[in-house]
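Worksheet for the structure shown next.
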Amino acid sequence: MRPVLLAILMSCPLWASQALAGPVSPNIVVNGSFESLAQPNQTLAQGSWSNFNGIAGWNGNIEVRNGAAGSTPFGKYFVELDTTGNSSIWQMLNTVAGQRYELSFSYAQRPDHKGQASNGLCWKIGDMDCNAFGQDSKTGWTTLSTSFVAQGSQTRLSFGALGSSDSYGTSLDNVSVNAVPEPASLALALAGLAACVGFSRRRKA
């Protein structure tokens, strides 16, 4: 019995962490960090950028950069949506109707401040109004998050440039959408934690 008891007690920290954090769900955004370009194995040289009419997972006009007018801590590439003018990108997410999801993304302004008068992007889920963000002068990366409830098996996620159409816009990276754990799942994890703590107390008694 001692090996079994030891295994149960050693698993208590893991149960505790799962109970506090909740079950981890995968990111359903394809290419949310923009590391895959238009063609398989296609690359951009360090310090360069290029405009694409869509890349892996994303539709629309998009400028991908690699260490040009800034850099990213989320990989090699990041994007701008004020390409030769204000543009937008979108993709269809595979969702579950009635399921709540968390949308998260990161943005930064150009370190040269060339677009300061027209900074900003907006995000949009389905047919809802476009929600503005990034209308500031922060050159460091800021991560924002919000939640939404899917209305069907497919949900359109889009981002668009705001302000003057001057080819100097806000940088975007690190886009993710994750299902929010249901209360029942959290309750189950907490029940496991309680059982583990109770078992440990009985052994001490």
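W141: in contact with a Ser or Thr (Cβ under 7 Å, 6 or more places away or on another chain), in contact (Cβ under 8 Å) with a residue 12 or more places away in the chain and within 21 Å of A56 (Cα to Cα), yes or no?
For W141, the condition - in contact with a Ser or Thr (Cβ under 7 Å, 6 or more places away or on another chain), in contact (Cβ under 8 Å) with a residue 12 or more places away in the chain and within 21 Å of A56 (Cα to Cα) - is not met.
Would a scan of region 97-118 turn up a residue that is within 23 Å of F52 (Cα to Cα), surrounded by 15 or more Cβ atoms within 10 Å (Cβ to Cβ), of a type in the set (S, T, N, Q) and modelled with pLDDT under 95?
yes
Could you tell me whether any residue of region 8-28 is within 26 Å of C130 (Cβ to Cβ) and either at pLDDT 95 or above or surrounded by fewer than 14 Cβ atoms within 10 Å (Cβ to Cβ) (or both)?
Yes - at least one qualifying residue is present in region 8-28.
For G47, indicate whether it is of a type outside the set (S, T, N, Q), without any contact (Cβ under 8 Å) to a residue 40 or more places away in the chain and surrounded by 15 or more Cβ atoms within 10 Å (Cβ to Cβ).
It is false that G47 is of a type outside the set (S, T, N, Q), without any contact (Cβ under 8 Å) to a residue 40 or more places away in the chain and surrounded by 15 or more Cβ atoms within 10 Å (Cβ to Cβ).
Within region 29-73, take every residue that is in a loop (DSSP other than H, G, I, E, B) and within 21 Å of T155 (Cα to Cα) and give me the one that is farthest from the chain's Cα centre (by Cα).
A56
Quick grid of which residues meet (1) in a strand (DSSP E or B); (2) of a type in the set (D, E, K, R); (3) within 17 Å of the chain's Cα centre (by Cα):
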position	(1), (2), (3)
P111	no, no, no
D129	no, yes, no
T143	yes, no, yes
S158	yes, no, yes
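Give the residue that is farthest from the chain's Cα centre (by Cα), with candidates limited to residues of region 74-109 that are among the hydroxyl-bearing types (S, T, Y) and within 14 Å of L172 (Cα to Cα).
Looking at the filtered set, the residue picked out is T83.
The values are calculated or read from the model by the stated rules, or taken from the named source; none is laboratory data. Being a predicted model, the structure only gives us computed values, none of them experimental. For neighbour counting, all protein chains shown are included, and Cβ atoms are generated from backbone atoms with ideal geometry for every residue, glycine included.
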